[in-house]
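S.K.: The following block contains the structure, expressed as structure tokens.
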Amino acid sequence: MSKHLYRLAPLVLLLFGVTAMLQARDLSLGELSAPGPGLWPFIVASLLSLTALVLLVIDDPADYEPWTRGTAGIGLGLVSLAVFIVLFEQIGFLVPATLMLLFWLRLFAREPWKWAVPLAVIGAVVFHLLFAEGLGVPFPDDIVLGG
Amino acid sequence: MGIADGLGEGFAVALDPTNLLYVFLGVLIGTVIGVLPGLGPTATIALLLPLTYELEPVTSVILLAGIYYGSMYGGTITSVLLQLPGEAASVVTTFDGYQMAKQGRAGPALGIAAVGSFIGGTIAVVGLILLAPPLADLAVEFGAPEYVALTLFGILLVTYLGTKHPVKALCMAALGLLLATIGQDSITGTGRFTFDQVELFDGLDFVAVAMGLFGVGEILYNLEKTEKAEQIKARIKNIWPSRRDFRDSSGAIARGSVLGFFLGVLPGGGGVISSLASYGMEKRRAKDPSRFGKGAIEGVAGPETANNASSTSAFVPLLTLGIPPNVVLALIYGALLINGVQVGPQLIDTNPEIFWGVIASMFIGNLMLLALNIPLVGVFVQLLRVRGGILAAFAVLITMAGVFSVNNDVFDMWVVLAFGVLGWLMKKTGFEPGPLVLAFVLGSILETNFRRTMLTSDGGFEVFFTRPLSGTIFAFMAVVIVYSTVMGIRRRRRGRPAALYAEQLEEMTPGAEDEGAAGVAASGGATSSAADPTDRRTGGDRP
């Protein structure tokens, strides 16, 4: 089974394509002489499904990279980004940015704490000044600045 | 407007202090990210897209163009000194450049690359001036069928040229076209694939998609192969090449300029293909081909000239037809659309300041690069001490803050994150984000013109083939498909990869990034590096 695991990617694409084809049909295809809103999406979704189907058969397993410990690290990094977005909406830029930088500097750059902490704090403040003050981007109210 | 008037206006625009500053910033950023591992021109331009909202359209193109051709210079430095291409177009330079460095001739290798790049870039600017206006005049005659033909041609060539698996690339192009249909139908106003989400009514934001796929996706992919900072061993001295070096490489530079120019104009062409083609040409022409791979200066001069020439001439199809020939140009095209500039044959007439201003800025930018590179190589090399992880942390934060600044909408941050995950997964599974983004950008042009054609032709397809211009383009497409299929089958019979240049791409180092099909290099090298993940930075002795 596991040697066929790589076929998952084309399979997902195939399902995606077929779903889009069905959805496009519901949008009304119209006629070729008077195309409806669904016609073009239907055509490209068919192309997607067709190529995905071909790939399901012919794709080269060597293209697929193995999952390693590094992959788990990327997963953590992604979760931290999601947390950043949620916190950013709630408490503004400074705190989440500092935390995210700190996390990434420790996790990916393996910086020692004595470098990671100042880098993260300075980085967050500089970006805040750049975007909020310099470019006038209205970040959500910041818990630190008491906005 | 004549060429002389146009150039006059162009230099007036380009020499404006603000624009001059942005040319300088562009080429400087380009050189820096060309040197830095893990951040290539596509990722950088994607990350900086939000900035273009703050700038005049001409200034933003000047900046982004500077980053593009500047990165071609920067990539050379690491190729020569470390056998580590900063971007994919410099892969070929590692063959002979690194050997020169080992023989203590790193200086002349870098010097001839800078001089060759300058000459190539300048010749391509001249070519652009001569070729673009007549092409734009021709393009004014274009109707809807021609635009269908041209966009399809562009997408087709990007999927066929320089990609490892044409079917996979085609699949991604189809996905890009499908994603482009999200939002309100431009003709009937019906919401498509919006799932009643207000945020999706206007479709996916191009900036967010590009930043996710190229910015975050690239960063994540490179992070997974975290490596330590690099030590430079080669000493750099005597950068200015000797008279003999110039004599040896003058032919290669001349041929590289012309070759690069024409390959750059071609959709799907660009830096990688031109540098590979130039290397092949020089090796075939050489009296003693065995010198190549052992430090032949022509092997550095030719490809470096060609990739710079092509990065300039790639602007021809964009500025005259409104068709971006590769992914970097697709991003620049996106930046212009964001600014409300209609890109197409009428651009030269409606926005002469953009057309001529960008051309003049390229000449100035190439001059600046020459002035920057010769004395400052030593400084740029120090940048290699910056570790990938630190760079990634700050780049991701800039991405998030940047994409928020576009619409002041947290939803776009989620789009970036989602497409970042998608981009990373695509690279891990050998699918390429390049065709997807190009198709996404061209999707609405293609659909609108297709439907317009269908309406006027009463549903008949023969109009595509009977009109002389679109008929010619379709005939050309048929030739490309038949030729590459036949070649693919023949190669497969001999047990070689199917795609054009796949063998050369196979040798590329992962992590390097290409403007034509970002991810090619990475997926090409993935197979070889899977066994030994540390191989990437240690630079095993390749032929």
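The values are calculated or read from the model by the stated rules, or taken from the named source; none is laboratory data. This structure is a prediction, so every number in the text was calculated from the model and none was measured. Backbone-built Cβ (ideal geometry, glycine too); neighbour counts: all protein chains shown.
S.K.: Could you please let me know if B:Phe419 is at the interface with chain A (Cβ under 10 Å from one of its Cβ atoms) and buried (at least 20 other Cβ atoms within 10 Å of the Cβ)?
M.R.: So B:Phe419 fails the test.
S.K.: Kindly indicate the residue of the range A:111-147 that is touching a residue at least 12 places away in the same chain (Cβ under 8 Å), away from every other protein chain (no Cβ under 11 Å) and assigned to a helix (DSSP H, G or I) and also nearest to B:Gly389 (Cα to Cα) among those meeting that condition.
M.R.: A:Val117
S.K.: Need the failing condition index for B:Ala521 against (1) surrounded by 19 or more Cβ atoms within 10 Å (Cβ to Cβ); (2) at pLDDT 50 or above, just the number.
M.R.: (2)
S.K.: Filtering the range B:154-199 down to residues that are crowded, with 24+ Cβ neighbours inside 10 Å and among the charged types (D, E, K, R), which residue is nearest to the chain's Cα centre (by Cα)?
M.R.: B:Lys164
S.K.: On to the next question. Check off (1) modelled with pLDDT of 80 or more; (2) surrounded by fewer than 24 Cβ atoms within 10 Å (Cβ to Cβ) for B:Met1 and give me the number that stays unchecked.
M.R.: Going through (1) modelled with pLDDT of 80 or more; (2) surrounded by fewer than 24 Cβ atoms within 10 Å (Cβ to Cβ) one by one, B:Met1 breaks only (1).
S.K.: Which ones in the range A:33-71 are within 19 Å of B:Glu224 (Cβ to Cβ) and more than 7 Å from chain B (Cβ to nearest Cβ)?
M.R.: A:Trp67, A:Thr68, A:Arg69
S.K.: Tell me, yes or no, whether the range B:383-397 has at least one residue that is away from chain A (no Cβ under 14 Å), more than 24 Å from B:Phe206 (Cβ to Cβ) and either among the polar types (S, T, N, Q) or in a helix (DSSP H, G or I) (or both).
M.R.: Yes, the conditions are met somewhere in the range B:383-397.
S.K.: Does B:Ala277 satisfy being modelled with pLDDT of 90 or more and aliphatic (A, V, I, L, M)?
M.R.: No.
S.K.: Restricting the range A:54-71 to residues that are closer than 30 Å to B:Thr181 by Cβ and crowded, with 17+ Cβ neighbours inside 10 Å, which is modelled with the highest pLDDT?
M.R.: A:Leu55
S.K.: Would you call A:Leu27 at pLDDT below 90 and either on the phi > 0 side of the Ramachandran plot or facing another protein chain (nearest Cβ under 9 Å) (or both)?
M.R.: Yes; evaluated as a whole, the condition is true for this residue.
S.K.: Within the range B:358-381, how many residues turn out to be closer than 22 Å to B:Thr320 by Cα and aromatic (Phe, Trp, Tyr)?
M.R.: Final tally of qualifying residues: 1.
S.K.: Find the residue count for the range B:119-152, including only residues that are surrounded by 22 or more Cβ atoms within 10 Å (Cβ to Cβ) and aromatic (Phe, Trp, Tyr).
M.R.: Selection size over the range B:119-152: 1.
S.K.: Can you give me the ranges of the helices (runs of 4 or more DSSP H) entirely in the range B:166-231 with at least 3 residues that are at pLDDT below 85?
M.R.: It comes to B:217-224.
S.K.: Only residues in the range B:457-477 that are away from every other protein chain (no Cβ under 14 Å) count as the first member; pair them with residues that are surrounded by 14 or more Cβ atoms within 10 Å (Cβ to Cβ) and charged (D, E, K, R), Cβ under 7 angstrom, at least 6 apart or cross-chain, and list the lot.
M.R.: As it stands, the answer is B:Leu469/B:Glu146; B:Ser470/B:Glu146, since those pairs meet every condition given.
S.K.: Residue check, B:Leu157 against (1) outside any helix (DSSP H, G or I); (2) in contact with a Leu (Cβ under 9 Å, 6 or more places away or on another chain); (3) modelled with pLDDT under 80, all met but one. Which one?
M.R.: Checking B:Leu157 against (1) outside any helix (DSSP H, G or I); (2) in contact with a Leu (Cβ under 9 Å, 6 or more places away or on another chain); (3) modelled with pLDDT under 80, the one that fails is (1).
S.K.: Only one of B:Ser405, B:Ser444 is assigned to a helix (DSSP H, G or I), facing chain A (nearest Cβ under 9 Å) and of a type in the set (S, T, N, Q); which?
M.R.: B:Ser405
S.K.: With respect to B:Phe214, determine if the residue is surrounded by fewer than 24 Cβ atoms within 10 Å (Cβ to Cβ), more than 8 Å from chain A (Cβ to nearest Cβ) and either under 21 Å from the mean Cα position of the chain (by Cα) or closer than 30 Å to B:Thr485 by Cα (or both).
M.R.: no
S.K.: Enumerate the helices (runs of 4 or more DSSP H) found wholly within the range B:1-117, keeping only those where 2 or more residues are within 30 Å of B:Phe355 (Cβ to Cβ) and not polar (S, T, N, Q).
M.R.: So the answer is B:3-14, B:17-35, B:41-48, B:57-82.
S.K.: So how many residues does the range A:3-18 have that are more than 10 Å from chain B (Cβ to nearest Cβ), of a type outside the set (A, V, I, L, M, F, W, C) and in contact (Cβ under 8 Å) with a residue 12 or more places away in the chain?
M.R.: 2
S.K.: Only one of (1) free of Cβ contacts under 8 Å to residues at least 40 places away in the same chain; (2) more than 20 Å from B:Leu64 (Cβ to Cβ); (3) within 14 Å of chain A (Cβ to nearest Cβ) fails for B:Glu432. Which number is that?
M.R.: B:Glu432 satisfies every listed condition except (1).
S.K.: If a residue must be in contact (Cβ under 8 Å) with a residue 24 or more places away in the chain and either aliphatic (A, V, I, L, M) or more than 7 Å from every other protein chain (Cβ to nearest Cβ) (or both), how many such residues does the range B:179-202 contain?
M.R.: Residues meeting the conditions: 5.
S.K.: Still on this structure, I have one more. In this structure, does A:Phe93 turn out to be in contact with a helix residue (DSSP H, G or I) (Cβ under 9 Å, 6 or more places away or on another chain), over 30 Å from B:Thr453 (Cα atoms), surrounded by 15 or more Cβ atoms within 10 Å (Cβ to Cβ) and at the interface with chain B (Cβ under 8 Å from one of its Cβ atoms)?
M.R.: When the stated conditions are applied, A:Phe93 passes them.
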